[in-house]
Amino acid sequence: MKPAPFDYVRPTDLAGAVAALAAPDGKVMAGGQSLVPLLSMRLAAPSLVVDINGVPGLDTITEVDGGVRVGALARHTAVLESPLLARVQPLVPAALAHVAHPTIRNRGTTVGSLVHADAAAEMPVVLRLLEGSLDVEGPAGRRTIPARDLFVGPLESAVGPDEIAVSAFFPGLPPGAGVAFDEVARRHGDYALVGAAAVVDGDRIRVGYLSVSDVPVVVDLTGVAPADRADAALEHLDPSTDIHATAAYRRQLVRVLTDRVVAAATGNATAQGGGR
């Protein structure tokens, strides 16, 4: 199919982009890897597409106090290959290695994936697990949305229709803490049937899950006996049956991946000098 007709603008500064987005029913395009397919299938039919690729300064990856800030135009590949992320917050590249394929990663943006808010995608659960945040710019100025408030429903974020996401903040890994990410997909690069990410910091164990609820879910498993962790996690999850997998199979994957990522993150913590 072809997209429905729409107007197109490519502003050269952020203020111009925000002003353009004030038009009714506008959509922002960064990497276009989510928006363009939606347009082509007519699942989205905006009156205006605001292409922010002409806005300078949005492709940066910088270390800030306590973590790393990733700009809205930083491509997945740049984030994946960033020595800074590998050093400060290795969970981000660990998850990005599972995102789609090189061609898509070369164009798609990490911040765009967060705004798209797909509960089957890797980056939303990573931001949620790390307790990061998203900065957005709108007519009222700039505001910060904590990850816990960002994902509000299926493919629905708290970013307003007149706001543009400008950067995401990923907190750094505390000394001695460990992380791990794993998922099961029919083919590498496909959306995960179930995925899990873990952060182990001393006695604290937290695991985030994708593809098992309408939004990314994080479960605190601190103090839960190893044999009971999967059952404890499943109390907070809602695996469903679809054309890709049954709910029962997804529950089994939760059990397998919970044990796997907690063990891997614990081993990673030990390697960082934080053995428990």
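The values are calculated or read from the model by the stated rules, or taken from the named source; none is laboratory data. The model shown is predicted, which means the values in this text are computed figures rather than measured ones. When we count neighbours, we look across all protein chains shown, and the Cβ atoms used for this are built from the backbone with ideal geometry, even at glycine. These accessible areas exclude ligands, DNA and RNA; they are computed on the full protein's heavy atoms, side chains included. Shrake-Rupley method; radii C 1.70, N 1.55, O 1.52, S 1.80 Å.
So here's what we get for this one:
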quantity	calculated
Where labels lie 7 Å past Cα in the beta-carbon direction, separation of residue 144 and residue 84 in nm	1.7 nm
Contact order normalised by residue count of segment 82-240, Cα under 8 Å, 6+ apart, percent	23 percent
Taking the convex hull of Cα positions in segment 70-113, its mean projected area over all directions (nm²)	2.6 nm²
Percentage of interatomic Cα-Cα distances in segment 103-156 larger than 13 Å	61 percent
Rounded FRET efficiency, nearest 0.05, which uses the C-beta distance separating residue 1 from residue 235 and R0 of 41 Å	0.45
Helix 247-271 axis, angle to the chain major axis (alpha carbon atoms, nearest 10°)	80 degrees
Length-normalised contact order for the chain - Cα pairs under 8 Å, 6+ apart - percent	16 percent
Å³ per residue enclosed by the Cα convex hull of segment 190-269	83 Å³
Estimated translational D of segment 182-232 in µm²/s (Stokes, Kirkwood radius over Cα pairs; 37 °C; 0.692 mPa s)	274 µm²/s
Kirkwood-based Rg to Rh ratio, the chain, C-alpha trace	0.98
Å² of accessible area per residue within the chain, as computed with a 1.4 Å probe and no ligands counted	45 Å²
Nearest-20 debye value, the chain charge dipole, Cβ charges on Lys, Arg, Asp, Glu	580 debye
Histogram of C-alpha separations across segment 31-120, 5 Å bin width, %	3, 13, 22, 25, 18, 11, 5, 3, 0
Accessible area of the chain belonging to carbon and sulfur atoms, whole % at 1.4 Å probe	53 percent
Viscosity 1.306 mPa s, temperature 10 °C, Stokes-Einstein D of segment 99-238 from Kirkwood C-alpha radius, µm²/s	100 µm²/s
